[in-house]
Amino acid sequence: MKIPSWGLPGKGSRRTRMVALLAVREGMRFIPGYLRNVAPQVDGIIALDDGSSDDSPRLLAGHEAVIELLRNPRNRPTWDEVGNHRALVKAALRQRAEWIVCVDADERLELDFRMRAERVIARGNLLGYSAYAVHLRELWDDPGQYRSDGIWGRKSVARLFRAREDHDFDTASLHGSKAPHQARQRGQFPRADPNIYHLAMLRPEDRMARRRRYEIADPDRRWQKIGYEYLTDLRNIELKKLDKRRMFID
């Protein structure tokens, strides 16, 4: 069952204290746009800078929407996906978050994401839902279109969830779920239709770099059985234009 987010303009006003979580390293390519996009839609951003050597921590520390900035030392040998997320969720609870949305530096929320999310939350409350998988649209060759064939059109990520002290974390080193495991229904997270747009697959060189990075990090396909060749596979490609009513700012 997919919880719809449609409604009359203005319906879905802010009813929850919603906080965005961001873990980032060397993020200056994307962070300015991230702040323009995400800040107006949440009640605060909690960021974790994982030892950046660029201006990422300075920019985050100086932005009024960033209500807490966590910092990891530069000499950390590897990215700790699980540890970073644990620290961010702990900070969100400290900041009295009621709902959390996880948005990476290279991702953008559709313009009415907050309004749509509030409608989803209100409707899902009637069913006892406390977490949702939302659409992840992979922007492709042009920021006004996304890839829609096969696995691409079905991509969703569990990024919108109620803040809770007993969060049961996914311990997968890569591609783990951000939402609490105990929020699943019949083994899956309820689905909702708000959109998150992903910028890091926009250019061919980005797609190749992403594939190589994951092939190095997961050479035995432990964390993703289908592997990573599909990230650069252009067979049967289909592209869709973004709905003009569901665009994003960058």
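With the cut-off at 1.5 for a/c, could you classify the stretch 14-128 from its C-alpha gyration tensor as rounded, prolate or oblate?
Cα axes put the stretch 14-128 in the prolate bin.
Tell me the mean residue ellipticity at 222 nm calculated for the chain from its helices only (DSSP H runs of n ≥ 4, each -39500 (n - 2.57), averaged over every residue, nearest 500). Display every interim value, and only then the final one.
Numbers: 6 runs with 60 residues, N = 250.
Computed mean residue ellipticity for the chain: -7000 deg cm²/dmol.
Note down the Stokes-Einstein diffusion coefficient of the stretch 78-188 in µm²/s, whole number, using a Kirkwood radius over alpha carbon pairs, 10 °C, and 1.306 mPa s. Each step should come with its number before you reach the end.
Numbers: Rh = 15.4 Å.
Here the translational diffusion coefficient equals 103 µm²/s.
Return the whole-Å distance between the Cα centroid of the stretch 205-225 and the Cα centroid of the stretch 80-158.
If we compute the Cα centre of each part, the gap is 22 Å.
Cα gyration tensor of the stretch 164-250, axes a ≥ b ≥ c as square roots of the eigenvalues: rounded (a/c below 1.5), prolate (a/b > b/c) or oblate? Kindly include the intermediate steps, with their values, before the conclusion.
On the way: a/c = 2.09, a/b = 1.16, b/c = 1.80.
Note, shape of the stretch 164-250 comes out oblate.
Run down the lysines and flag those whose C-alpha is under 16 Å from the C-alpha of residue 2, throwing out any fewer than 8 positions away in its chain.
Cross-link targets: 155.
Between 249, 208, 231, whose Cα lies farthest towards the positive end of the dipole of the stretch 189-250 when Lys and Arg beta carbons carry +1 and Asp and Glu beta carbons carry -1, centred on the Cα centre?
Going by the Cα projections, it comes out as 249.
Is any residue of the stretch 75-105 close enough, with backbone N under 14 Å, to a label point placed 7 angstrom from the Cα of residue 173 along the Cα-Cβ axis, and if so, which?
The answer is 77-83.
Would you mind checking 11/178; 11/244; 90/240 for any pair whose Cα atoms are more than 30 angstrom apart?
Working: 11/178 28 Å; 11/244 19 Å; 90/240 38 Å.
Exceeds cut-off: 90/240.
Which semi-axes, in whole Å and largest first, does the equivalent ellipsoid of the stretch 195-244 have when worked out from the alpha carbon gyration tensor as the square roots of 5 times its eigenvalues? Can you show the working numbers first?
On the way: eigenvalues 108, 29, 26 Å².
Whole-Å semi-axes of the equivalent ellipsoid: 23, 12, 11.
Would you mind estimating how fast the chain diffuses translationally, via Stokes-Einstein at 37 °C and 0.692 mPa s with the Kirkwood radius over Cα pairs, in µm²/s?
Values: Rh = 18.7 Å.
Rounded, D is 176 µm²/s.
No lab work stands behind these numbers, since they all come straight from the coordinates. Keep in mind that what you see is a predicted model, and the values were worked out from it rather than measured. Glycine also receives a Cβ, built like all others from the backbone with ideal geometry; neighbour counts cover every protein chain displayed.
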